[in-house]
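K.L.:
To start, I am sharing the structure in question, which I have written as structure tokens.
Every read-out reported here was derived from the displayed coordinates using simple, explicitly stated rules and does not represent laboratory data. Please read all numbers here as calculations on a predicted model, not as lab measurements. Cβ atoms come from the backbone with ideal geometry, glycine included; neighbour counts cover every protein chain shown.
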Amino acid sequence: MQAGTLDAAQRVRSVDEEVLITSRTISVELRADLVFQMLEVLGQPRPSHWSRVWPASVAMSRWLLDQRVGSLPLSATELGCGMGLVSMTLAHLGLITEGTDREPLALAFALKNALLNGLIGFSASKLEWSEGKGVPTSLLVASDVVYEAGAPELLFALVETDGLLSPGGRLLLGVPRARTELLDTFVNRLQLGGYSHSEEARSVDWEGRAEAIDVHVLMRPA
Ligand SMILES: C[S@@+](CC[C@H](N)C(=O)[O-])C[C@H]1O[C@@H](n2cnc3c(N)ncnc32)[C@H](O)[C@@H]1O
């Protein structure tokens, strides 16, 4: 990632009101021939995890780009999309992609980022895991979303009990290796339910540091 440049304030519609938001533009290089320009939101009160592009999303995007042509389905849903990088990568690969998050401003900026990079086939909608069920999908992706104590329980209910992931479908998780305890709880629960599991280690240079990220692939029994 290159250092960001401070932008003029962005005007975005959040829920019912139009608000002015301070942002910066960063370059995210996924491959030598694929660099996205992305807005990140600045100056938000905590918690503001949604407002930045996280290295797990870069690792997962590169993992997706490395997959064999034709091995991905025609559509996908992202959970906790934040600024939208993974959804944008899926749209770039030609999948009809729905980015979801609980934070309306994240959805507004994910849409802006997709437009900024000329991507089509991307939509954004609100999905709070404790409330919504969403439309079942055969490819569910999520990067750096398992960090709150209740996340394993909520995600299991959404993915398995409520059936957001179709039988035979794949769940991809990008996870910083520094924080795996909650992830292990979630993965163990899915494995007990018969899901197959594999993982691949990746490293991403991000803001001057090498970040170790694991990409987990979980397959729901058919
Ligand atoms: C650390 S950020 C990661 C953002 C993006 N996936 C990335 O890797 O750059 C976590 C995201 O998950 C979303 N999130 C966390 N808990 C959520 C919940 N219960 N329902 C919906 N979204 C949630 C946050 O709003 C935030 O956008």
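K.L.:
So how far, in whole Å, is the C-alpha centre of the stretch 196-222 from the one of the stretch 127-172?
P.N.:
Measuring centre to centre over Cα atoms gives 17 Å.
K.L.:
Beta carbons within 10 angstrom, averaged per residue: use that to sort the peptides 135-143, 185-193, highest first.
P.N.:
The packing order, highest mean first, is 135-143, 185-193.
K.L.:
Please work out how much length the chain gains when fully extended from Val35 to Arg102, using 0.36 nm per residue of separation minus the C-alpha to C-alpha distance, in nm with one decimal. Before the final figure, lay out the partial values.
P.N.:
On the way: separation 67, 0.36 × 67 = 24.12 nm, distance 2.69 nm.
Length gained between Val35 and Arg102: 21.4 nm.
K.L.:
Run the quick spin-label model on Ser27 and Leu192: label points 7 Å from Cα toward the beta carbon, then report their separation in nm to one decimal.
P.N.:
So the label points at Ser27 and Leu192 sit 4.9 nm apart.
K.L.:
Angle between the Cα long axis of helix 104-116 and the longest principal axis of the chain, 0 to 90 degrees, nearest 10?
P.N.:
70 degrees
K.L.:
Using bins 5 angstrom wide from zero, how does P(r) for the stretch 127-220 break down, in % of all Cα pairs?
P.N.:
The distribution over the stretch 127-220 is 3, 13, 24, 26, 18, 9, 5, 2, 0, given as percents.
K.L.:
Hey, what's the Cα Rg ratio for the chain versus the globular rule of thumb, 2.2 N^0.38 Å?
P.N.:
Its radius of gyration relative to the 2.2 N^0.38 Å reference: 0.96.
K.L.:
Counting other C-beta atoms within 10 Å, and keeping those with at most 13, which DSSP coil GluC sites (Glu not before Pro) do you find in the stretch 181-222?
P.N.:
Filter output for the stretch 181-222: Glu207.
K.L.:
While we're here: Report, to the nearest 10°, how far helix 181-192 tilts away from the longest principal axis of the Cα atoms in the chain, using its own Cα long axis and a range of 0 to 90°.
P.N.:
The answer is roughly 40 degrees.
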